[in-house]
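The values are calculated or read from the model by the stated rules, or taken from the named source; none is laboratory data. Bear in mind the structure is a predicted one, so any value in this text is a computation, not a measurement. Ideal geometry is used to build each Cβ from the backbone, glycine not excepted, and the neighbour counts take in all protein chains shown. Just so you know, the surface numbers come from the protein's heavy atoms only, side chains and all, with ligands and any DNA or RNA stripped out. Shrake-Rupley method; radii C 1.70, N 1.55, O 1.52, S 1.80 Å.
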Amino acid sequence: MEKYDLVILGGGSGAFAAATKANDLSVKVALINDREIGGTCVNRGCVPSKLLLEIGNNLYYPQHTGFESVKAENMFFDFKKAIQEKREVVEKLRQSNYRNVIEKMVSINLFEGKGRFVDRNRVEVEGTVIEGKNFLIATGSSPQIIHFKGIENVDILTNEEILELEALPKSLIVIGGRVLGLEFAQMYAHFGSNVTILQRSPRILPGDEPQVSDELTRCLENEGIRILTDTEILELSQENGKKTVHLKTKGKEEKIVGDEILMATGRKPNTGDIGLENAEVEVDRKGFIKINEYMQTTNPNIYGAGDCASTMMLETLAAKMGNVAASNILENAEKTINLKEIPRAVFTNPQVASVGYTDEEYSEKTKACSCRTISMELVPKAQTVKDTRGIIKMVIDPRNEQIVGVHIVSPLAADIIHEATLAVKFNLKLDDITDTTHVFPTMSEAIKKVAHAFKRDITSMSCCIE
């Protein structure tokens, strides 16, 4: 029987962050992985989807430029080549960022296969029993399928299959109006598919600020994407290769027919068949591993990180959790994570990016909240590049003017959000932003503009105000 100081189940960002920390400390580690090395992000998530989104942007926006002096015609697009380009980039990053990295980690032994707990201290993988002093579970997540009536008779797609299509569908029905659904909807709309989004709640991105949802809805509908909210799926059916969604929206029944249906209804944790009951590790009703603020499970020698232990499914958070867990295991660091300091983004165009509290959340928490929302039309750089889509909303505590949340819809929102992240993390106030010189003209000036909006009328403010 092989013995290790740390046994890690998983091969994605959470697992690799923990393995890197352990290797830095020269700790003997067993890394057990049964899927493509690199996890969801590099193989089936961030990397392939963002590459295809960018291909779609390069195809669509030159044909819809705001500049009267530019006219793009007869744009060439090869869908099969785009999928092949995606495969090549994924394989390159999988090799350079994961396979090559682990080969250089002298303290890490990789075991290929499914790991399953035998008891509190042992895991079995492909007939080999591994004993560990401590464990980290970072097994990630998989697409969640909602079993609508008739689904067993319909060939549906998840975010994994849609990345491997051989032909571009003429029409695509997307069930789900959150991150996955919105990104793939716009991606395929830009490729040329006729796209309809079906969302159960009254608005897309229901967890975000209402102004954010409304603005992104406006932008997507202006590009020809149909969005139906307050939707109840009654039944799915398929005939002669065509798929039909029978639905009710706002009390009215309707049938929508498409070539493909994408099930973008979230993801579920990969915890169901790894023997957690043998290790005395508890999960909640949805299968997520229960952890405390130190990433520790109900078994004090076993920790959890990433999608299998967090409903906030982000590659960056998974890596942070893996690093924190390893630090707490190996150094007794007692580190924690403040989720309000973790920025998140939706890579539609315009992008959505948020950090910190929403207006409603902070009002409920403190009974004291103030906010301002401005249009990107008030940002000179947006006018200069003739792309004024979007808004930015800032939430502050009016008692001390501390910035507690920022929410953006804009091209480059995912880049702009980092100044806001630092503001939230380090308890910066309005004056800290307005007293800081920003490069002019830039989209990131929007942060300063919205901060100014708390104290002046920025619709009549010169560009030169500092």
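Tabulated data
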| read-out | value |
| --- | --- |
| Computed accessible area, VAL179, all protein chains, 1.4 angstrom probe, square angstrom | 60 Å² |
| Cβ-placed point charges (K, R +1; D, E -1), dipole of the range 316-374 about Cα centre in debye, nearest 20 | 100 debye |
| The chain: relative contact order in percent, alpha carbon pairs under 8 Å with at least 6 residues between | 15 percent |
| Extension gain from HIS147 to LYS365, taking 0.36 nm per residue of separation minus the Cα-Cα distance | 74.8 nm |
| The chain: C-alpha gyration tensor shape, a/c 1.5 cut-off, then a/b vs b/c | oblate |
| Average Cα contact separation per residue, the range 196-292, under 8 Å, 6 or more apart, as relative contact order % | 17 percent |
| Lysines with Cα under 16 Å of LYS133, excluding same-chain neighbours fewer than 8 positions away | LYS3, LYS28 |
| Relative contact order [Cα under 8 Å, 6+ residues apart], the range 1-104, whole percent | 25 percent |
| Cα lying deepest toward the dipole's positive end in the chain, options ASN301, LEU172, PHE135, charges on Cβ | LEU172 |
| Heavy-atom surface of the range 401-466, accessible at 1.4 Å and reported per residue (Å²) | 46 Å² |
| Computed [θ] at 222 nm, deg cm²/dmol, the chain (DSSP H ≥ 4; -39,500 (n - 2.57); rounded to nearest 500) | -8500 deg cm²/dmol |
| Difference of contour (0.36 nm per residue) and Cα-Cα distance, ARG456 to HIS418 | 11.2 nm |
| The range 333-466 - charge dipole about Cα centre, Lys and Arg +1 at Cβ, Asp and Glu -1, debye rounded to 20 | 140 debye |
| FRET E, pair LYS252, GLU160, Förster distance 22 Å, beta-carbon r, rounded to 0.05 | 0.10 |
| Point-charge dipole on Cβ atoms (K/R +1, D/E -1) for the chain, about Cα centre, debye to 20 | 300 debye |
| Cleavage-rule hits, GluC sites (Glu not before Pro), the range 53-137, DSSP coil, Cβ neighbours within 10 Å at most 15 | GLU68, GLU73, GLU126 |
| By accessible area with a 1.4 Å probe, ligands and nucleic acids excluded, highest first: order of LEU31, LEU110 | LEU110, LEU31 |
| Accessible area in square angstrom per residue, the range 16-168, 1.4 angstrom probe | 52 Å² |
| FRET efficiency, 1/(1 + (r/R0)^6) with R0 35 Å, evaluated for ASN100 and LEU339 via beta carbons | 0.65 |
| Cα lying deepest toward the dipole's positive end in the chain, options ALA353, ILE337, HIS246, charges on Cβ | ALA353 |
| Computed log₁₀ I(q)/I(0) - Debye formula, equal Cα scatterers, no solvent, the range 8-98, q 0.21, 0.26 Å⁻¹ | -0.99, -1.23 |
| Fraction of beta bridges assigned by DSSP in the chain that are antiparallel (%, nearest 5) | 60 percent |
| With all protein chains modelled, accessible area of PHE454 [1.4 Å, Å²] | 30 Å² |
| Stokes-Einstein D (µm²/s) once Rh is taken as the Kirkwood radius of the range 24-74 over alpha-carbon pairs, at 37 °C in 0.692 mPa s | 221 µm²/s |
| Exposure ranking of GLU334, GLU2 by accessible area [1.4 Å probe, largest first] | GLU334, GLU2 |
| Accessible surface of the chain, 1.4 Å probe, proportion on carbon and sulfur as whole % | 47 percent |
| Sequence of LEU422, LEU25, LEU136 from largest to smallest accessible area, 1.4 Å probe | LEU422, LEU25, LEU136 |
| All lysines inside 22 Å of LYS448 as judged from Cα atoms, apart from same-chain residues fewer than 8 positions distant | LYS340, LYS381, LYS386, LYS393, LYS425, LYS429 |
| Computed FRET value (nearest 0.05) for ALA72 with ASP259, which takes r as the C-beta separation and R₀ as 25 Å | 0.40 |
